[in-house]
Amino acid sequence: MNIPWRALALLAQEQASFRNLGDRFRADSASIDISQLSLLAAFVLFAVIGLWYLQKRLSATGDEGTDSPRRLFQDLCRIHELSRDESKLLSQVPRQLELADPASLFADPTHLVVAVRAAEDDALRHRLEHLGVRLFGTLMFRRHLTHCPQL
């Protein structure tokens, strides 16, 4: 109980120093320091230029790969929600078949049919068939697998 009275007594003694606290904010004592103002302007200019440069750089890196067949292939793998292993397996097919455009695997099931028929073991053949069914649907891929002539 003694502590609150002491705190009030200290506040009463310090009241005089709080009275003139807002004197610096009055219009008659306001002044502008030119060096601080120029430093602030330089900082704002630097921040704006830095943000502009960062935005340009990020937008440039996003657009540079749109004409790349490899980038298109990666985007198609992501859109079809293929796992990393499935994407890696699918990326080996255009190399084996010597395709100029690896993204054509997503448009023409014939390439995957050729890869399935050329697979050396049953596990690889099964995985490629599963990818073909996933990309083109069961009916379409199976029809290509059975009716496509030997290439």
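The values are calculated or read from the model by the stated rules, or taken from the named source; none is laboratory data. Note that this is a predicted model, so its numbers are computed, not measured. Here the Cβ is made from the backbone with ideal geometry for all residues, glycine too, and neighbour counts use every protein chain on show. In case anyone asks, the SASA skips ligands and DNA or RNA and just uses the protein heavy atoms, side chains included. Shrake-Rupley method; radii C 1.70, N 1.55, O 1.52, S 1.80 Å.
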Within the under-15-Å Cβ sphere about SER104, not counting SER104, Lys/Arg +1 and Asp/Glu -1 give a net charge of -1
Expressed as a percent, the accessible surface of segment 41-151 that is carbon or sulfur, using a 1.4 Å probe and the full set of protein chains, is 58
Ignoring ligands and nucleic acids, ILE32 exposes an accessible area, probe 1.4 Å, in Å² to the nearest 10, of 130
Sorted list, accessible surface of protein heavy atoms, 1.4 Å probe, largest first, for VAL48, VAL113 is VAL48, VAL113
To the nearest Å², the heavy-atom accessible area per residue of segment 83-140 with 1.4 Å probe amounts to 58
SASA check, LEU54, accessible area w/ 1.4 Å probe, all protein chains in place, rounded to nearest 10 Å², comes out at 90
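Give the ranking of SER38, SER91 by solvent-accessible surface, highest area first, calculated with a 1.4 Å probe.
SER38, SER91
Given all pairs of different Cα atoms, what value in angstroms does the Kirkwood hydrodynamic radius of segment 34-148 take? If you can, show how the numbers build up before the last one.
Details: mean 1/r = 0.0583 Å⁻¹.
The Cα-based Kirkwood calculation yields 17.1 Å.
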